[in-house]
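Novice: One structure, pasted below without further comment.
The values are calculated or read from the model by the stated rules, or taken from the named source; none is laboratory data. Treat the numbers as computed from the prediction; the structure is a model and nothing was measured. Note that we place each Cβ from the backbone using ideal geometry, even for glycine, and neighbour counts take in every protein chain shown. Only protein heavy atoms, including side chains, enter the accessible area calculation; ligands, DNA and RNA are left aside. Shrake-Rupley method; radii C 1.70, N 1.55, O 1.52, S 1.80 Å.
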Amino acid sequence: MRKSTQSSTTDKSSAFTSRFEALLAAIPDIIMEVDLNKVYKWANQAGLDFFGADVIGREASLFFADEQDTYDLVQSLFAGDENVFYLESWQRRHDGERRLLAWWCRALKDAHGEVQGAISTARDITEQRKTEEQLRMKNQLFINTIESLSHPFYVVDVNNYQITMANSATAAFGTLSIGTKCYALTHDRCQPCQGDEHICPLQEVKRTKKPVTLEHIHFDKYGNKRYVE
């Protein structure tokens, strides 16, 4: 009876271990374990695919793509800090290519609460960062372009008439703040332009679905009339 119970316990433990290992192998993110000396002790399949099959037993810093303060950033983790640490680090993939990894790190402790190392998950964000940088550069190019214009330039939300972007030349008509309406800034009105005398460009664009050119009388910040196109 005792042997049967022990056998059943062993089978359950083996089944749990197999299921746990299968789960970790199926996770697409990199999962790595290091000891107190920052030496890799274990990796899931994604980690082995990234760093190479010989990563186990090698120190983490050997895979740093350049000099970095990664160890300094996680030092308190190895001192027992139970918070999850996030950092980004350039790493060398097994083929030598530099890749930017986003890491989430947490201390590993034994039954007595003593730190034994750390477990970290990582995700390759190289392409994401490249895309973000490209968008940032395009946005900066757009800003530089509209700032080079000598006349006022606005981006207006057609649904609520709020000015969402403007260049410095718009200062001639007053000070912009969050939620400023186009008709309030340039016409000193409390409602949108309307009628044949004050045709609203936004409404014409919505109606025709085409570019619209109109002449309006605007008022500068001193209250002077300005004929604008």
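Novice: Give the cross-link partners of LYS109 among the lysines, using a straight C-alpha distance below 24 Å as the criterion and excluding same-chain residues fewer than 8 apart.
Specialist: Those lysines meeting the cut-off are LYS38, LYS41.
Novice: Quick one: 3J(HN,Hα) in Hz for the stretch 34-46, Karplus 6.51/-1.76/1.60 with θ = phi - 60°, rounded, Gly and Pro as x.
Specialist: 10, 8, 5, 8, 6, 9, 5, 10, 7, 8, 7, 4, 5
Novice: Still on this structure, I have one more. Which of these, SER76, SER177, SER148, has the largest mean-square fluctuation under a Gaussian network model of the chain (Cα springs below 10 Å)?
Specialist: SER177
Novice: Here's a follow-up. Given the options THR145, THR164, THR208, state which has the largest fluctuation in a GNM of the chain using a 10 Å cut-off (strictly under) for Cα springs.
Specialist: Largest GNM mean-square fluctuation: THR208.
Novice: I'd like the distance between the alpha-carbon centres of the stretch 125-153 and the stretch 38-68, rounded to an integer number of Å.
Specialist: The stretch 125-153 and the stretch 38-68 have Cα centres separated by 37 Å.
Novice: Under 5 Å between amide hydrogens, which residues at least 5 positions from GLY117 or on another chain qualify, with H placed 1.01 Å from N in the peptide plane?
Specialist: Residues meeting the criterion, in which the H sits 1.01 Å from N, are LEU108.
Novice: State in Å² the accessible area per residue of the chain; use a 1.4 Å probe, count heavy atoms of protein chains only, and round to the nearest integer.
Specialist: 68 Å²
Novice: Next up: Report ³J(HN,Hα) in whole Hz for each residue of the stretch 125-135, in order, from the Karplus equation J = 6.51 cos²θ - 1.76 cosθ + 1.60 where θ = phi - 60°; Gly and Pro get x.
Specialist: 10, 4, 5, 4, 5, 4, 5, 4, 5, 4, 5
Novice: While we're here: Over the chain, what is the relative contact order in percent, taking alpha-carbon pairs closer than 8 angstrom and at least six residues apart? Mind showing how you got there, number by number?
Specialist: On the way: 318 pairs, mean separation 24.6, N = 229.
That works out to 11 percent.
Novice: Helix-only estimate, please: 222 nm mean residue ellipticity of the chain, summing -39500 (n - 2.57) across DSSP H runs of length 4 or more and dividing by its residues, to the nearest 500.
Specialist: Counting only the DSSP helices, I get -10000 deg cm²/dmol.
Novice: On to the next question. With every protein chain present, what accessible area does LEU62 have (1.4 Å probe, heavy atoms only), rounded to the nearest 10 Å²?
Specialist: Probe radius 1.4 Å; accessible area of LEU62 about 110 Å².
Novice: Arrange the residues ARG93, ARG58, ARG136 by how much accessible surface each exposes, largest first, with a 1.4 angstrom probe.
Specialist: Sorted descending by solvent-accessible area, the residues read ARG136, ARG58, ARG93.
Novice: While we're on this one: Please work through the chain and write down the cysteines that have no neighbouring cysteine Cβ at a distance under 4.7 Å.
Specialist: CYS105, CYS182, CYS190
Novice: Could you look at the chain and say what percent of its accessible area is carbon and sulfur, using a 1.4 Å probe and all protein chains?
Specialist: Percent of accessible area from carbon and sulfur atoms in the chain: 53.
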